[in-house]
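Report on the structure given below.
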Amino acid sequence: MSPLHDPPDENVRAKLDSYDDFTAALLARRGIETKEEAERFLHPSYEKHLHDPLLMRDMKKAATRFAGAIRSGESIAVWSDYDCDGIPGGVLLHDFLKKAGAHFENYIPHRHAEGYGVNTAGVEKLAEKGVKLIVTVDSGITDVEAVARANELGMEVIVTDHHLPGATLPEAFAVVNPNARADETYPFRDLCGAGVAWKLVCATLAVAPELRARIPDGWEKWLLDMVALATIADMVALVGENRVLATYGLLVLRKSPRIGLQKLCRTIRTDQRTLSEDDIGFMIAPRVNAASRMGDARDAFDLLTTPNEDDADMLAKKLEKANRERKAQAGALTRAVHTRLKERGELRSVIALGDPAWRPALLGLVASGIAEEYGRPVFLWGREGNMSIKGSVRSGSVHALELMRAAEETFVEFGGHKAAGGFTVRDDAVFFLEDRLVAAYARLAADDVPRDAFSIRADAEIAPEEATSAFLKKIESFAPFGMQNPKPVFLLREVITREISRFGKGAEHLKLKIDVKGKGDIDAVTFFAKGPVAHAADALGAGSRANLLAHLERDTFSRGAPVRLRLLDIRLV
């Protein structure tokens, strides 16, 4: 396999002739083949490139009902998921309803005690409080039974979600979900849950213009900070409308007056004024998610909604503590997995391990590290608070969802995509889970990548001296990066390493200094080095030659924010 992507088709290149070769190639790899599409991608516009929310099926019906409930003072409950999509979505509806003067409350199910989605026990609690309308966020599309119970108790439900439906849709008053129906009329399907909730806000203001007496024109843009947080954290495709929402949402995040966000940024030593998609993905989202993984998601919700500075300070520190505990427990689980694997001796093609004492909410994080280290699919399971056995899978060259489908008789339920997924297993099935997955793996055609070849293709080949600030600025015109818009990958051939060092409390991070043709050097770093990269680095010495795959980025922790390489792979020459 060539280490480089193929150049764009000649016809496509001709249509993109106003762009240089590198820019045109990146555009073409993102499915952008005309100058008009390129300008929309490179210059996303709030005014020009967002779709009318009323194009979405059931949206007008939902917005009209929502506006009526606000006007009449009905008791409204916003039921949101407990992750970094549902919580920001719940926050933005909280802000909107508060601004509109509505009578409402936010309900977030407890991750360990209640589990994902809308449940009948929670619905019954809301009915006892006199709630007449439930609006879901990032959940509800498969909760047929709970929605039916709400109907029985005299409540109406507006489902806003983005997940795929089950065999039948819930009998809700309205189902607003661009992925719910084959005949959906909305032109963009990849919104996250908070994105759909924000669209409901925009539609409600459109069908009830009298609300503008309380909500100034354009105020809803301030809610885009939560939309961007969720869009990036939930890893939906950062193309089309999501690119607009993430771009403008990042601008709002950098100026957001939310005292909780400001306190969190200070606690984690991140500059709010320069927040990027990486800061969300690696710093903010893990702490929001840590709230539900280690305790109660309400802490993250309260942090993002409180107007009180002391409360915000306390909650920011509480989330930071929860994230440290999450890391510590994930580290302990990782060590437990390593011990089990060492006791086994020979590794099989699929790793499947579990323990009733393991917390399922942490297993995806652990499985990801183990899969990277051992280069094979990893299934880890534990027992949930409701006593069901749940787990996470992280995969490599084999499609995780297809692997589970090939052994579907083993699972009560499962879902996911190519790289990751979740599952529930019957109590008696855990004893032969690995055997069945190994057999399923053998039936699937895995990619056969030679050990001396890169498994990732590069977008371009560059020399160390070409890794300049000007070139990085060109790359940054494609930001924010994410799903379907990955950071460009560069191949650097036969670079000379001048120095190799490890850093971090446990020397778990790696830094190389790469020679720049007698003009000094450039840093190349990777964090939590493991697997093939770590093994290759162990064989490097001063003066070694190697081929590298890397991203280009700014080192914001060094004076002048110089350009550096973020290592993806190393191959000795």
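Nothing in this text is a laboratory measurement; each read-out follows from the coordinates by a stated rule. Values in this document were obtained by computation on a predicted structure and should not be read as measured data. Here the Cβ positions follow ideal geometry from the backbone for every residue, glycine too, while neighbour counts run over all protein chains shown.
Segment D271..Q484, full-extension length gain: 74.0 nm, with 0.36 nm per residue of separation and the alpha-carbon distance subtracted. Please give every one of the aspartates and glutamates within straight-line cross-link reach of K61, meaning a C-alpha to C-alpha distance under 18 Å, and leave out same-chain neighbours fewer than 8 residues apart. Once the sequence-local aspartates and glutamates are set aside, what remains near K61 is D52, E74, E156, D161, E171, D183, E184, E210. Annotation for E124 and H49: the two label points, set 7 Å from Cα along the Cα-Cβ direction, are 4.9 nm apart. Shown here for region 225-274: trypsin sites (Lys or Arg not before Pro) in loop regions (DSSP other than H, G, I, E, B) with at most 12 other Cβ atoms within 10 Å, namely R269. Set against the labelled values (i) 64; (ii) 55; (iii) 45, percent of Cα pairs over 34 Å apart computed from this structure falls on (iii). Within the same chain, lysines fewer than 8 places from K513 are excluded, and of the rest, those with a Cα less than 25 Å from its Cα are K473, K474, K487, K505, K530.
Relative to the longest principal axis of the Cα atoms of the chain, the long axis of helix 86-100 makes an angle of roughly 40 degrees. For region 495-524, backbone nitrogen atoms closer than 14 Å to the point 7 Å from L341 Cα along Cα-to-C-beta are found at no residue.
Counting every alpha-carbon pair across region 334-401, the share separated by more than 13 Å comes to 61%. Within a straight-line Cα-Cα reach of under 17 Å, K318 can be paired with the following lysines, leaving aside sequence neighbours fewer than 8 residues apart in one chain: K263, K327. Label-to-label distance, T468 versus N151, with points set 7 angstrom from Cα along the beta-carbon direction: 6.6 nm.
Dipole magnitude for the chain: computed about the Cα centre from +1 point charges on Lys and Arg Cβ and -1 point charges on Asp and Glu Cβ, it is near 1380 debye. Pair-distance distribution of region 1-40: all C-alpha pairs, bin width 10 Å, starting at 0; shares per bin in whole percent are 34, 53, 12, 1.
Taking the C-alpha atoms only, the angle from helix 224-233 to the longest principal axis of the chain is near 50 degrees.
Fewest-first ordering of E124, E373 by other beta carbons within 10 Å of each residue's beta carbon gives E124, E373. Multiplying the residue separation of E10 and D428 by 0.36 nm and subtracting their alpha-carbon distance yields 144.8 nm. Helical runs (DSSP H, four residues minimum) scored at -39500 (n - 2.57) apiece and divided by the length of the chain put the mean residue ellipticity at 222 nm at -12000 deg cm²/dmol. The overall shape of region 58-211, judged from the alpha-carbon gyration tensor, is rounded, with an a/c ratio under 1.5.
Find out how many positive minus negative residues lie around M56, taking Lys and Arg as positive, Asp and Glu as negative, among other residues whose Cβ is under 14 Å from that of M56. Net of charged neighbours comes to -1.
So, in nm, how far is label A439 from label E171 when the simple model puts each one 7 Å beyond its Cα toward the Cβ? Once both label points are built, they end up 4.1 nm from each other. With the convex hull constructed from alpha-carbon coordinates only, region 346-443 shows a mean projected area of 5.6 nm² over all directions.
Among 214-223, 190-199, the peptide with the highest mean count of other Cβ atoms within 10 Å heads the list, and the full ranking is 190-199, 214-223. Rg over Rh for region 109-183 works out to 0.95, using Cα positions for both radii and the Kirkwood form for Rh.
Looking at region 20-108, which trypsin sites (Lys or Arg not before Pro) are DSSP coil and have at most 14 other C-beta atoms within 10 Å of their C-beta? In loop regions of region 20-108 (DSSP not H, G, I, E or B), there are no sparsely surrounded trypsin sites (Lys or Arg not before Pro).
Computed over the Cα atoms of region 138-244, the ratio of the radius of gyration to the Kirkwood radius (Rg/Rh) comes to 1.00.
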